[in-house]
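Have a look at the structure below before the remarks.
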């Protein structure tokens, strides 16, 4: 039988760190508290699979990628047919949108959350309208005691910035968003290449 | 604005540790590899919210409690009306059943997993048949890089042991279980009180 890892050596893996501070690949162009308190202002952001070396003046948000929670097979096939990956050379703009939902949301049953998320708020369908221009990845934080339930990371080329604003505007007008009790928005840029 | 925690001081919270070793509240009466490799044999098991002091000869499994993933409002109401809590004085028997599901399971969409889990395998309905005698809590491990996707913890009085065997037998005969690629079973007892 394989050796079993001791807890002392068991790192929590599969968790991505978003590190705000004086250094990092992404320049923070704009930070905004959309609902409730924002984050301390920082100049740069790094996205790394581990905490790593970290400047003292800053913050860290963490989340993990998980399986889809609401998407049906039909919806998933439509997404996969259109979505783009992260890291495209032309995608020099990014956004990080941390949100926390209310206890009322989390006390809903799966069918109730699905009905609000898609049948009434069309969350997936709205995102589909902006593919492949705006690439997206969702990270979960609630289950590991993070201050935000979700960190959504977006990447797009500069000519998609107006489309991205429209996407945010549509999502924030949905019934689903009435369950969002904290939201913050960071807009980022990096050097091309 | 509130001070922001530095990553150095950010423990991963909300994670329960199941520590197998020479010490712990629960005596291991029986351990069995149901599907694929089992766990190293240990005498005792402890269930703690933190890693804490830990004997070198043993193992640790970790998981977090999360929101319900498949349960509808109707099903959730039926569960809540019948379920019992953990820690009942008479519940001196316990079981820990770690399982890992296949990639094929995790590549299914939400509606496909729900159809297998409940409409065709009746996972929730089977569990309901054994309430309130057999209390249960589900811990998730897949998203934090654990070797098992789920750790299910059961507590019951000694006179429920046959019922518990019947519950396991019914679950293992379902279509859902064809997606289980590793399963191990630990049966435990503690002193009364």
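The values are calculated or read from the model by the stated rules, or taken from the named source; none is laboratory data. Predicted model only: the values in this text are computed from it and were never measured. In this analysis, Cβ positions are derived from the backbone assuming ideal geometry, glycine residues included, and neighbour counts consider all displayed protein chains.
Return the total of residues in segment A:131-142 being touching a residue at least 60 places away in the same chain (Cβ under 8 Å) and surrounded by 17 or more Cβ atoms within 10 Å (Cβ to Cβ). Break it down stepwise before answering.
Filtering segment A:131-142 for residues touching a residue at least 60 places away in the same chain (Cβ under 8 Å) gives A:137-141.
From what is left, the residues that are surrounded by 17 or more Cβ atoms within 10 Å (Cβ to Cβ) are A:139-141.
Going through segment A:131-142 one residue at a time, the tally reaches 3.
What are the residues in segment B:138-169 that are part of a helix (DSSP H, G or I) and within 14 Å of chain A (Cβ to nearest Cβ), if any? Break it down into steps so the answer makes sense when it comes.
Step one: of segment B:138-169, the residues part of a helix (DSSP H, G or I) are B:142-144, B:158-169.
Listed by number, the residues that qualify are B:142, B:143, B:144.
When you look at residue A:175, is it more than 14 Å from chain B (Cβ to nearest Cβ) and surrounded by fewer than 20 Cβ atoms within 10 Å (Cβ to Cβ), yes or no? Walk me through how you get there before you give the answer.
Working: more than 14 Å from chain B (Cβ to nearest Cβ): yes; surrounded by fewer than 20 Cβ atoms within 10 Å (Cβ to Cβ): yes.
It is true that residue A:175 is more than 14 Å from chain B (Cβ to nearest Cβ) and surrounded by fewer than 20 Cβ atoms within 10 Å (Cβ to Cβ).
With more than 19 Å from residue A:187 (Cβ to Cβ) and at pLDDT 95 or above as the only criterion, which of A:76, A:43 stands out?
Values: A:43 fails: more than 19 Å from residue A:187 (Cβ to Cβ).
None of the other options fit; the residue is A:76.
Confirm whether residue B:133 is outside any helix (DSSP H, G or I), away from chain A (no Cβ under 14 Å) and at pLDDT below 95. Give the steps one after another, and end with the answer.
Details: outside any helix (DSSP H, G or I): yes; away from chain A (no Cβ under 14 Å): yes; at pLDDT below 95: no.
For residue B:133, the condition - outside any helix (DSSP H, G or I), away from chain A (no Cβ under 14 Å) and at pLDDT below 95 - is not met.
Across segment A:70-123, what is the number of residues that are within 13 Å of another protein chain (Cβ to nearest Cβ), out of contact with any helix residue (DSSP H, G or I) (no Cβ under 6 Å at 6 or more places or on another chain), buried (at least 18 other Cβ atoms within 10 Å of the Cβ) and assigned to a loop (DSSP other than H, G, I, E, B)?
Summing the residues that are within 13 Å of another protein chain (Cβ to nearest Cβ), out of contact with any helix residue (DSSP H, G or I) (no Cβ under 6 Å at 6 or more places or on another chain), buried (at least 18 other Cβ atoms within 10 Å of the Cβ) and assigned to a loop (DSSP other than H, G, I, E, B) in segment A:70-123 gives 1.
When the residues of segment A:1-26 are filtered to those that are surrounded by fewer than 14 Cβ atoms within 10 Å (Cβ to Cβ) and modelled with pLDDT of 85 or more, which remaining residue is nearest to the other protein chains (Cβ to nearest Cβ)? Spell out the reasoning first.
Within segment A:1-26, the first condition is being surrounded by fewer than 14 Cβ atoms within 10 Å (Cβ to Cβ), and the residues that meet it are A:1-3, A:5, A:8-9, A:11, A:13, A:22, A:25.
Pick out the ones that are also modelled with pLDDT of 85 or more and you get A:22, A:25.
On the way: A:22: 14, A:25: 17 Å.
Among those residues, the one meeting the criterion is A:22.
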